[in-house]
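Peer 1: This is the structure I have questions about; it appears just below.
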Amino acid sequence: MVQKLDTLVETPSQTAGPYVHIGLMPTYAGNAGYYDEEIGTSPIADGAKGEVIEIVGSVFDGTGWAMRDALLESWQPDAAGKFPGQEGADPAVTGLCRFAADADTGEFTLRTVKPGKVAQRGGGFAAPHISVWICARGINIGLQTRIYFEDEDNSTDPLLARIEQRPRVDTLIAKKIGEGKYRFDVRLQGEGETVFLDI
Amino acid sequence: MTDLGPLIPRNREAHPDAYDPAYKTSVARSPYLPLLSMESGLSEETGPTFGHSKLGVLDNNLILNWTKGAAPAVGERILMHGRVVDENNRAVPNTLVEIWQANAGGRYRHKKDTYLAPLDPNFGGCGRTLTDENGYYQFLTIRPGAYPWPNRGNDWRPMHIHISVYGHSFGQRLITQMYFEGDPLINHCPIAATIKNRSQLDRLVAPLDLASSRPLDFLAYKFDIVLRGRRQTMFENKLEGM
């Protein structure tokens, strides 16, 4: 026998299921007005500093079908790279957004400010990115990934540098499709599979 | 030890695999390639905070919140309660806990749910609350019904309540489900069975908690939640280049 550890084991995940929207996005589920104030409807308030951008995309399953029931959450810092709660952070950036694939087209839209680069523990910076978490029926534990931007300098980003197969880096980079508009598609499996994170 | 270290890496063996053919929908929705593992940074160690100002007084009372207190929902009245702690067994105070569930007949109030059990006009099926300074939370609700779902020929979901928690950092994000002690359907459910370690699955089964029930009013079920913790050693703040 050995001594007993005091640490606990994390509670196991279960799928968020097909009706996740009831709990996290009641208006989307058809229950508008359930709460006085819904959470995560926008990551920014009026007056947020920086460039307001729109990111559109879809989450594709392994057959190439754009999932109609995917729910995504994003978390990001302000235009200067400060997260809500950090000293000097832009008070108009709340950072969290919940958004869902359209039930008819499977396309999502995230409207936010472009984030700044983020200081790393031990020095250096991560290139500007938005953290994304995806859940849906059939996803047993939420999938983490990141949105980077093709018009930013991503050359010294420590996470992108860790991706061995260089073409896969592109799966994390939003393509510019217009002024302040980007496209970011997620592919859950197979050809062009998005890099998912354990972080 | 003033600064918290990175998040403790997630123990993936505590969780279901992404791919589980008995849960058919997972087959086309599971990554083939391994996840990219890295130490957490600010993007994962920070997270949203929520104030009491956003929450309504009935938000954690699902018996009454759909009708804004006008009429109670049908079903077996229960208190669902417990604590949110991290892997270091420290309370996670002031964190958002959200739940959603079917009504007593097993029907969700969602535009996509067409199960033949009727909607309860007095039940919406979602609630939210913040943990107190000790990580404690509670909801008053009704026990959800079991329901059939299209998977294999005759699959039924055991009675369950979905739970979503943030903790204090986006990397602690967790969604799971609470099951009820004694429900025979747990052992037949391919979603519950995605958790291969039986002792881990047992942690999702809430025991009947008679001591917390209120006579002539409601039964109680206790459900504690453990989120990822932060590494805490004096060696965290390593100098550049070391």
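Peer 1: Being at pLDDT 95 or above, closer than 30 Å to B:K111 by Cα and surrounded by 19 or more Cβ atoms within 10 Å (Cβ to Cβ) is true for just one of A:F83, A:F108. Which residue is that?
Peer 2: Working: A:F83 fails: closer than 30 Å to B:K111 by Cα.
A:F108 is the lone residue from the list that is at pLDDT 95 or above, closer than 30 Å to B:K111 by Cα and surrounded by 19 or more Cβ atoms within 10 Å (Cβ to Cβ).
Peer 1: For B:G51, state whether it is surrounded by 15 or more Cβ atoms within 10 Å (Cβ to Cβ) and more than 7 Å from every other protein chain (Cβ to nearest Cβ). Before you say what the answer is, go through the steps one by one.
Peer 2: On the way: surrounded by 15 or more Cβ atoms within 10 Å (Cβ to Cβ): no; more than 7 Å from every other protein chain (Cβ to nearest Cβ): yes.
In short, no.
Peer 1: Can you run down the residue pairs with Cβ atoms below 9 Å, 6 or more apart or on separate chains, where the first is in segment B:24-45 and more than 7 Å from every other protein chain (Cβ to nearest Cβ) and the partner is part of a strand (DSSP E or B)?
Peer 2: B:P34/A:D198; B:E39/B:L7; B:E45/B:L7; B:E45/B:R230
Peer 1: Scan segment B:89-124 for residues that are touching a Cys at 6+ places or on another chain (Cβ under 9 Å), farther than 14 Å from B:R157 by Cβ and outside any loop (DSSP other than H, G, I, E, B) and jot them down.
Peer 2: Answer for segment B:89-124, where residues must be touching a Cys at 6+ places or on another chain (Cβ under 9 Å), farther than 14 Å from B:R157 by Cβ and outside any loop (DSSP other than H, G, I, E, B): B:E98, B:I99.
Peer 1: Looking at A:V52, A:V56, which one is under 20 Å from the mean Cα position of the chain (by Cα), under 24 Å from A:A119 (Cα atoms) and touching a residue at least 40 places away in the same chain (Cβ under 8 Å)? First the steps, then the outcome.
Peer 2: Working: A:V56 fails: under 24 Å from A:A119 (Cα atoms).
After ruling out the rest, the residue left standing is A:V52.
Peer 1: Condition first: crowded, with 18+ Cβ neighbours inside 10 Å and more than 11 Å from chain A (Cβ to nearest Cβ). Now tell me which residues in segment B:105-121 satisfy that.
Peer 2: Across segment B:105-121, the qualifying residues are B:G105, B:G106, B:D120.
Peer 1: Restricting to segment A:117-163, name every residue that is of a type in the set (S, T, N, Q), at the interface with chain B (Cβ under 7 Å from one of its Cβ atoms) and part of a loop (DSSP other than H, G, I, E, B).
Peer 2: Listed by number, the residues that qualify are A:Q120, A:N140.
Peer 1: Here's a follow-up. Among the candidates B:G171, B:G127, B:G167, which residue alone is touching a strand residue (DSSP E or B) at 6+ places or on another chain (Cβ under 8 Å) and part of a helix (DSSP H, G or I)?
Peer 2: Testing whether each residue is touching a strand residue (DSSP E or B) at 6+ places or on another chain (Cβ under 8 Å) and part of a helix (DSSP H, G or I) leaves just B:G171.
Peer 1: Further, regarding this structure: Can you tell me which residue within segment A:174-199, out of those that are within 14 Å of another protein chain (Cβ to nearest Cβ), among the acidic types (D, E) and outside any strand (DSSP E or B), is farthest from the chain's Cα centre (by Cα)? So that I can check it myself, show each step before the final result.
Peer 2: First, pick out the residues of segment A:174-199 that are within 14 Å of another protein chain (Cβ to nearest Cβ): A:186-199.
Now restrict to residues that are among the acidic types (D, E): A:191, A:193, A:198.
After this cut, where a residue has to be outside any strand (DSSP E or B) as well, the list is A:191, A:193.
Numbers: A:E191: 21, A:E193: 16 Å.
So, considering only residues that are within 14 Å of another protein chain (Cβ to nearest Cβ), among the acidic types (D, E) and outside any strand (DSSP E or B), the one farthest from the chain's Cα centre (by Cα) is A:E191.
Peer 1: On to the next question. Hey, could you check segment B:60-87 for residues that are over 30 Å from A:A119 (Cα atoms), touching a Gly at 6+ places or on another chain (Cβ under 6 Å) and not in a strand (DSSP E or B) and say which is nearest to the other protein chains (Cβ to nearest Cβ)?
Peer 2: B:W66
Peer 1: Any idea which of (1) more than 15 Å from the chain's Cα centre (by Cα); (2) within 18 Å of A:V186 (Cβ to Cβ); (3) buried (at least 18 other Cβ atoms within 10 Å of the Cβ) is the one A:W75 doesn't satisfy?
Peer 2: Here A:W75 meets the rest and fails (1).
Peer 1: Tell me yes or no: at least one residue of segment A:103-116 is out of contact with any Lys or Arg (no Cβ under 8 Å at 6 or more places or on another chain), over 29 Å from B:A22 (Cα atoms) and within 11 Å of chain B (Cβ to nearest Cβ).
Peer 2: Yes, segment A:103-116 contains a residue that is out of contact with any Lys or Arg (no Cβ under 8 Å at 6 or more places or on another chain), over 29 Å from B:A22 (Cα atoms) and within 11 Å of chain B (Cβ to nearest Cβ).
The values are calculated or read from the model by the stated rules, or taken from the named source; none is laboratory data. Since this is a predicted model, take the numbers as computed values, not measurements. Positions of Cβ are backbone-derived with ideal geometry, glycine not excepted, and every protein chain shown enters the neighbour counts.
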